[in-house]
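The next block holds one structure in the form of structure tokens; read it before the comments.
The values are calculated or read from the model by the stated rules, or taken from the named source; none is laboratory data. Since this is a predicted model, take the numbers as computed values, not measurements. Ideal geometry is used to build each Cβ from the backbone, glycine not excepted, and the neighbour counts take in all protein chains shown. Accessible surface areas use protein heavy atoms only, side chains included; no ligands, DNA or RNA. Shrake-Rupley method; radii C 1.70, N 1.55, O 1.52, S 1.80 Å.
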Amino acid sequence: MASAAASAQPELASTPIASCVQPGPTLRYLVVFEQGTSQPLAEAEIAASCGTSTVYYPQISVAVATSPDPSFGRRMGAERAYSAQAEAISKRTGAVVRKKVDETGMAKASRGGAVDRTVEQWDMDLIRAAEAHAINNGSRDVVVGVLDSGIDPSHPDLVGALDPGLSAGCSNGGRADTSVAAWSPTTSAHGTHVAGTIAAADDGRGTTGVAPGVRIASVKVVDDDGYIYPEYAVCGFMWAAVHGMTITNNSYFIDPWVFTCQNQVGQGVVYEAVRRAVDYSSDSGVLTVAAAGNGGSDLSKPGSDAQSPTNAEDVKPRALDNTCLVLPAQLRSVVAVSSVGANRVKTGYSSYGLGAVDLTGPGGDRKQVPDDAVDGCVLSTVPAGYDYSCGTSMATPHVSGVAALLASVHPEATAPQLSRMLNTQAETLPCPADYDLNGTGAQDAYCTGYSEYNGFYGHGLVDALAAVTE
């Protein structure tokens, strides 16, 4: 373990050669090498192309590099090097476009109080979490890495679960930083909300998570502008793998492409780097759980994308084909999660698709408000308090929490075995007979498949009680 961690955090390479032009701005690149390329060779190639290596992952032969030379990408080869940051450079002014975004439905306001608020957690009732807790709260041997915007280290519902020694920030250049400041939240409450759904303490105060007995680690992959660039995610997956985590929760898509097209220049680099990192994580025993997304798209045939690049000044709609995937949710070894509301019906915002969605979880819907409930969204922890939020981001940690309970009961289970048990134990949800959410007489989406497996719900709604009893 120690040697692997060391190899994932090498020393910086030498300064780029003097003949390189350096007009700026200095951009960060993801660089993919042939599998098995040694670190010295990779760093030498980067330096010869007017760049500096900041981190190299020999396990997957992927590097993060920086360069002020605009020819760096061409020198390395467009099929090997890509800068997500470059998409944000204005074609009119040449400056980097800065914009605050809210891609992940983070909570906006905080509501404090030390009273017991579990009565407001309709979502936990939906998956039978309280009944599960009467049998098993989860094991401290199980660690869920929350790849997100950081976790509040002082929240009373999370301090007992959070493991600072396993936490790291990846959003400052794609190189892991273990300082508390690097993995704590700055501009977003999203990661703290997700963490509470997984493991908030069962202590009679505030909220309670699906698996309050397990540990969580904050792996920050969201920068202060709200972006999850591919180098951040690669760093997060590698950190989780090297440090032996059981599960990672990924309530995001990877910027700057809502759909990353494998055969497109630049996007192919992103796809390959992320695929290698996820596969390495899976091969290391980590179960990857990810959100299907809030675009309301049929992921099996998305058609077009009018939001990418998400960091660009100007965006034009583009056609998509079956090589264009939401990352990381649509990768082979990932458990992809859609969202339902309190009535066990797919939320209008949730993406779906036969073969693309594996499971569903409570993500919340203000059109599906339970009787006597305050809100139809999901209540969880945020810095300095608690708040409601809706999204597939909220559905995903319910699945991660149930997976953590399964791993607690079956400590020898592999990641694929945990995935199969989740599918087998899920509550079957058949396609709705009528999916007219707005009452217009037209179907808002089409559910294909059969009762036990379909495009809206995959194998069904996760079941916490089944996880600890079957």
Net charge of Cβ neighbours under 13 Å - reference Val289; Lys, Arg +1; Asp, Glu -1: -2
Rounded to 10°, Cα long-axis angle of helix 392-409 versus longest principal axis of the chain: 80 degrees
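If I take every Cα pair under 8 Å that is 6 or more residues apart in the chain, average their sequence separation and divide by the length, what percent do I get for the relative contact order? Mind dumping the intermediate values first?
Details: 1239 pairs, mean separation 75.9, N = 470.
Across the chain, relative contact order equals 16 percent.
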Per residue, in Å², the accessible surface of region 295-397 once ligands and nucleic acids are set aside, probe 1.4 Å: 35 Å²
Peptides ranked, highest mean first, by Cβ atoms within 10 Å: ranges 404-412, 129-137: 404-412, 129-137
Cα-Cα pairs of region 268-361 separated by more than 19 Å (percent): 47 percent
Tyr450/Asn172 FRET efficiency (R0 45 Å; Cβ-Cβ; nearest 0.05): 0.45
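Does region 295-450 classify as rounded, prolate or oblate by the C-alpha gyration tensor (a ≥ b ≥ c root eigenvalues; a/c under 1.5 gives rounded; else a/b over b/c gives prolate, otherwise oblate)?
Numbers: a/c = 1.37, a/b = 1.15, b/c = 1.19.
Rounded, since a/c falls under 1.5.
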Whether region 360-470 is rounded, prolate or oblate, judged on the alpha carbon gyration tensor where a/c under 1.5 counts as rounded: oblate
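Subtracting the Cα-Cα distance from 0.36 nm times the residue separation, let me have the gained length for Val180 to Ala48 in nm, one decimal.
Numbers: separation 132, 0.36 × 132 = 47.52 nm, distance 3.54 nm.
Taking Val180 through Ala48 to full extension adds about 44.0 nm, to one decimal.
Considering only protein heavy atoms, what per residue accessible area in square angstrom results for region 404-470 with a 1.4 angstrom probe?
Working: 3170 Å² over 67 residues.
Using a 1.4 Å probe on heavy atoms only, each residue of region 404-470 averages 47 Å².
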Centre separation in Å (Cα based) which lies between region 191-252 and region 396-426: 16 Å
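Set the Förster distance to 35 Å, then compute FRET efficiency between Asp203 and Gln307 from the Cβ-Cβ distance, nearest 0.05. Walk me through the numbers on the way to the answer.
Values: r = 41 Å, r/R0 = 1.17.
Efficiency computed from Cβ-Cβ geometry: 0.30.
Can you tell me the FRET efficiency between Ala134 and Gln35 if r is taken as the Cβ-Cβ distance and R0 is 41 Å, rounded to the nearest 0.05?
Numbers: r = 48 Å, r/R0 = 1.18.
Step by step, r from the Cβ atoms, then E = 0.25.
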Principal-axis tilt of helix 230-242 within the chain, Cα atoms, nearest 10 degrees: 70 degrees
Karplus (6.51, -1.76, 1.60) ³J(HN,Hα), θ = phi - 60°, over region 362-376, in Hz, Gly and Pro reported as x: x, x, x, 7, 6, 8, 10, 9, x, 4, 6, 7, 6, 8, x
Heavy-atom surface of region 163-241, accessible at 1.4 Å and reported per residue (Å²): 23 Å²
Non-local Lys pairs in the chain, i.e. 8 or more apart or on different chains, that have alpha carbons under 27 Å apart: 16
Ranked packing of 446-455, 391-400, 278-287, 234-243, most packed first, by mean Cβ within 10 Å: 391-400, 234-243, 278-287, 446-455
Of all accessible heavy-atom area on the chain, the percent that carbon and sulfur account for (1.4 Å): 51 percent
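For Asp224, Asp387, Asp125, Asp371, write out the residues from largest to smallest accessible area, computed with a 1.4 angstrom probe and no ligands counted. Working shown, then result.
Working: Asp224 70, Asp387 10, Asp125 100, Asp371 140 Å².
Ranking Asp224, Asp387, Asp125, Asp371 by accessible area, largest first, yields Asp371, Asp125, Asp224, Asp387.
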Helix axis angle, 415-425 relative to the chain longest principal axis, alpha carbon, degrees: 30 degrees
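Using a 1.4 angstrom probe on the protein heavy atoms only, line up Thr178, Thr428, Thr66 by accessible area, largest first. Mind dumping the intermediate values first?
Details: Thr178 85, Thr428 60, Thr66 40 Å².
Solvent-accessible surface, decreasing: Thr178, Thr428, Thr66.
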